Amino acid sequence: MQVPSLVEILAREAVLLGALRLGSFKLSSGAVSPVYLDARSLLQSPRAYRLVAAGLTELMYRMEDKYGGFDAIVGVATGGVPWAAMLAYVSGKPLGYARPRRKQHGLGRTVEGACTGRVLLVDDVATTGGSLAAAAEAVREHGGRPVAAAVIVDREQGARELLAEHGVKLHPLTTLRSLLQAAAGMGLLDRREVERVISTLYGGRLEES
């Protein structure tokens, strides 16, 4: 019997949790999408949490070898914070988080906690990359150097290109296209609907399983 891949297990958990849905949804960017991925719902499933935690941990250590290590890990509020906290715990690195907007009292910070030296940014989903780019600039404002970003899922809708303009390399655990492909291949989502979504978002076709 073939052992399911990480993407297949994650796709199954996402569909069963209602975290991966087809339809018509308004995103935080204001755009309307035929698919919605609520990565926060993955926290409800111990199996999904362990799977993502293991995957992100392995990804982080590979990135450390590539970039010569990180001095701090900064989560993007709110979706990236629990995953950044997990990575900081397993790696023993200082933790910080980037606010969605400047604090209106106290010191008026946009980043709380650690953000000095070489910083790894962490978020759950990357779409256009606006939140991660804003976090990168916030880290720079507070004296840090954002060099890379780790996310669970890249929707492949401009985040990689935008972050590159800010000097940050995007490293996803998987892509939305791969999750949709896996879900359709396992019969968890209607294949014709997935084909339509992939054509709409990426101009391509669903690969034969």
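Where in region 112-189 are the strands (runs of 3 or more DSSP E), entirely inside, with at least 3 residues that are more than 14 Å from Arg99 (Cα to Cα) and touching an Asp or Glu at 6+ places or on another chain (Cβ under 6 Å)?
The strands (runs of 3 or more DSSP E) meeting that bar are 117-126.
Give me the residue from region 111-155 that is of a type in the set (Asp, Glu) and in contact (Cβ under 8 Å) with a residue 40 or more places away in the chain and, out of that set, farthest from Leu43 (Cα to Cα).
Asp123
May I ask you to list pairs of residues, at least six apart or on different chains, whose Cβ atoms are under 8 Å apart, with the first in region 190-209 being modelled with pLDDT under 95 and the second being surrounded by 13 or more Cβ atoms within 10 Å (Cβ to Cβ) and among the acidic types (Asp, Glu)?
Once the first residue is modelled with pLDDT under 95 and sits in region 190-209, its partners that are surrounded by 13 or more Cβ atoms within 10 Å (Cβ to Cβ) and among the acidic types (Asp, Glu) give Leu201/Glu156; Tyr202/Glu156; Arg205/Glu195; Leu206/Glu195.
Tell me which of these Gly144 doesn't satisfy, since it passes every other one: (1) surrounded by 21 or more Cβ atoms within 10 Å (Cβ to Cβ); (2) in contact with a helix residue (DSSP H, G or I) (Cβ under 7 Å, 6 or more places away or on another chain).
(2)
Within region 147-178, take every residue that is under 22 Å from Leu27 (Cα atoms), in contact with a Gly (Cβ under 9 Å, 6 or more places away or on another chain) and among the β-branched types (Val, Ile, Thr) and give me the one that is surrounded by the fewest Cβ atoms within 10 Å (Cβ to Cβ).
Thr174
Does region 20-34 include one or more residues that are at pLDDT below 90 and within 30 Å of Gly143 (Cα to Cα)?
Yes, there is a match, as at least one residue in region 20-34 is at pLDDT below 90 and within 30 Å of Gly143 (Cα to Cα).
Which ones in region 36-54 are within 12 Å of the chain's Cα centre (by Cα) and surrounded by fewer than 16 Cβ atoms within 10 Å (Cβ to Cβ)?
Within region 36-54, Arg40 is the sole residue that qualifies.
Quick one: Thr127 ticks every box in (1) modelled with pLDDT of 95 or more; (2) crowded, with 21+ Cβ neighbours inside 10 Å; (3) more than 20 Å from Lys93 (Cβ to Cβ) bar one, so which box is it?
(1)
Could you tell me whether region 114-131 includes any residue that is more than 16 Å from the chain's Cα centre (by Cα), farther than 21 Å from Leu56 by Cα and basic (Lys, Arg)?
No: zero hits.
For region 79-91, indicate whether the set of residues that are touching a Phe, Trp or Tyr at 6+ places or on another chain (Cβ under 6 Å), within 19 Å of Arg145 (Cα to Cα) and in contact (Cβ under 8 Å) with a residue 12 or more places away in the chain is non-empty.
So far as region 79-91 goes, yes, one or more of its residues are touching a Phe, Trp or Tyr at 6+ places or on another chain (Cβ under 6 Å), within 19 Å of Arg145 (Cα to Cα) and in contact (Cβ under 8 Å) with a residue 12 or more places away in the chain.
I'd like to know if region 83-95 contains one or more residues that are closer than 20 Å to Gln181 by Cα and not in a helix (DSSP H, G or I).
The answer is no, given that none of the residues of region 83-95 is closer than 20 Å to Gln181 by Cα and not in a helix (DSSP H, G or I).
So which residues in region 12-28 are under 15 Å from Gln181 (Cα atoms) and in contact with a helix residue (DSSP H, G or I) (Cβ under 7 Å, 6 or more places away or on another chain), if there are any at all?
Within region 12-28, Glu13, Ala14, Val15, Leu20, Leu22 meet the criteria.
What's the number of the condition His171 fails, among (1) under 16 Å from the mean Cα position of the chain (by Cα); (2) without any contact (Cβ under 8 Å) to a residue 40 or more places away in the chain?
So His171 meets the others, but not (2).
The values are calculated or read from the model by the stated rules, or taken from the named source; none is laboratory data. The model shown is predicted, which means the values in this text are computed figures rather than measured ones. No Cβ is skipped: glycine too gets one built from the backbone with ideal geometry, and neighbour counts run over all protein chains shown.
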